[in-house]
Amino acid sequence: MALCTDVFRGLLAAAVAVVLAGVLLAPAGAGAQATTAAAELRPIEQALAELGNAKRSASATVSRLSRRSGGVLAGCMSSGPGWKRIRAVKHAPQRGLYVASARRLLADMRLLLDQQQARVIAYEPAFERFVARLNGAPVSNPLLREAIAAQSRRLAAYGDVGKIQADCTVFNRLAKRAREFPTRTAAQIVRADYRAAPIARRIERNISSQLSAIDRRHGISWRDVVTLEKAAELMVQLGGNPGYATAFQYALSLR
């Protein structure tokens, strides 16, 4: 009986020791994980804070560059060789197609000059420092590393965006492609629509096609958007500041 009691007491003591060990070790493990997460997020949040300050400091440059299209495109907003070619098309439906495509091209050029290229020029030094700091940060989380790679791809693409030519020379060259197709018969009218439409699309999509080609060249796709969104969610889950998480998601946005 005494032996059984001693065995029971021994088993009970061992069980209590295991429970106490679990209680003591669990917080220690959680604390280590929290410390690791904080170490991963700290350099990202510091880089974001620096980027935010740099972008605010560049606001005057953005404002100055954002008025470029007024001077660059003044000579072809409503006149010039391109518009002369379009207005020479007598068939109203074809002419209307070319007019609409020319106006959309000008709108894309204004957007490129006043917003996209203006911000690329103004923010490029800050963007480069930001991406360099991220690539040199001690971040091991696979999702965060992939998000940093997505930021690097976007920065590389901006170098090509800044080289896109958008001026009256380009506009006139594209608009002068407009031509009138015969419309003497019903069959010719149908064929004319089919032949004029591709020309109009090439005119209006010139800028957007170049931007899409740049994204493809640098391996940018919708997956990068998803990756950055998931990375922002992860930063919050790891205890990061929600504001910094959102800022990381849209860090290189030109809007």
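The values are calculated or read from the model by the stated rules, or taken from the named source; none is laboratory data. Please read these numbers as outputs of a predicted model, since none were measured by experiment. Every residue, glycine as well, gets a Cβ built from its backbone with ideal geometry; the counts of neighbours run over all protein chains shown.
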Quick one: in segment 237-251, which of the residues that are modelled with pLDDT of 95 or more and of a type in the set (A, V, I, L, M) is farthest from GLY52 (Cα to Cα)?
-> ALA245
Find all pairs meeting these conditions: Cβ atoms under 9 angstrom apart; at least six residues apart or on different chains; first residue within segment 164-181 and over 15 Å from ALA107 (Cα atoms); second residue surrounded by fewer than 16 Cβ atoms within 10 Å (Cβ to Cβ) and among the basic types (Lys, Arg).
-> LYS176/LYS84; ARG177/ARG202; ARG179/ARG195; GLU180/LYS90; PHE181/ARG191; PHE181/ARG195
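Does segment 213-246 hold any residues that are of a type in the set (Gly, Ala, Ser), assigned to a helix (DSSP H, G or I) and under 17 Å from LEU143 (Cβ atoms), and which are they?
Across segment 213-246, the qualifying residues are ALA231, ALA232, ALA245.
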Provide a single number: the residues in segment 183-204 that are touching a residue at least 24 places away in the same chain (Cβ under 8 Å) and either within 12 Å of the chain's Cα centre (by Cα) or assigned to a loop (DSSP other than H, G, I, E, B) (or both).
-> 1
Just a yes or no: is a residue in segment 88-106 free of Cβ contacts under 8 Å to residues at least 24 places away in the same chain, among the β-branched types (Val, Ile, Thr), out of contact with any strand residue (DSSP E or B) (no Cβ under 9 Å at 6 or more places or on another chain) and part of a helix (DSSP H, G or I)?
-> yes
Read through the list (1) of a type outside the set (Lys, Arg); (2) buried (at least 16 other Cβ atoms within 10 Å of the Cβ); (3) farther than 19 Å from ARG103 by Cβ, then give the number of the only condition that ALA156 fails.
-> (2)
Check off (1) closer than 29 Å to ALA251 by Cβ; (2) surrounded by 14 or more Cβ atoms within 10 Å (Cβ to Cβ); (3) at pLDDT 90 or above for ARG64 and give me the number that stays unchecked.
-> (2)
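Here is a yes/no grid of residues against (1) on the phi > 0 side of the Ramachandran plot; (2) among the small types (Gly, Ala, Ser):
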site	(1), (2)
ALA58	no, yes
ARG67	no, no
VAL72	no, no
GLY80	yes, yes
HIS91	no, no
GLY96	no, yes
VAL99	no, no
ARG103	no, no
Out of the residues in segment 109-166 that are among the hydroxyl-bearing types (Ser, Thr, Tyr) and in a helix (DSSP H, G or I), state the one that is nearest to ARG68 (Cα to Cα).
-> TYR123
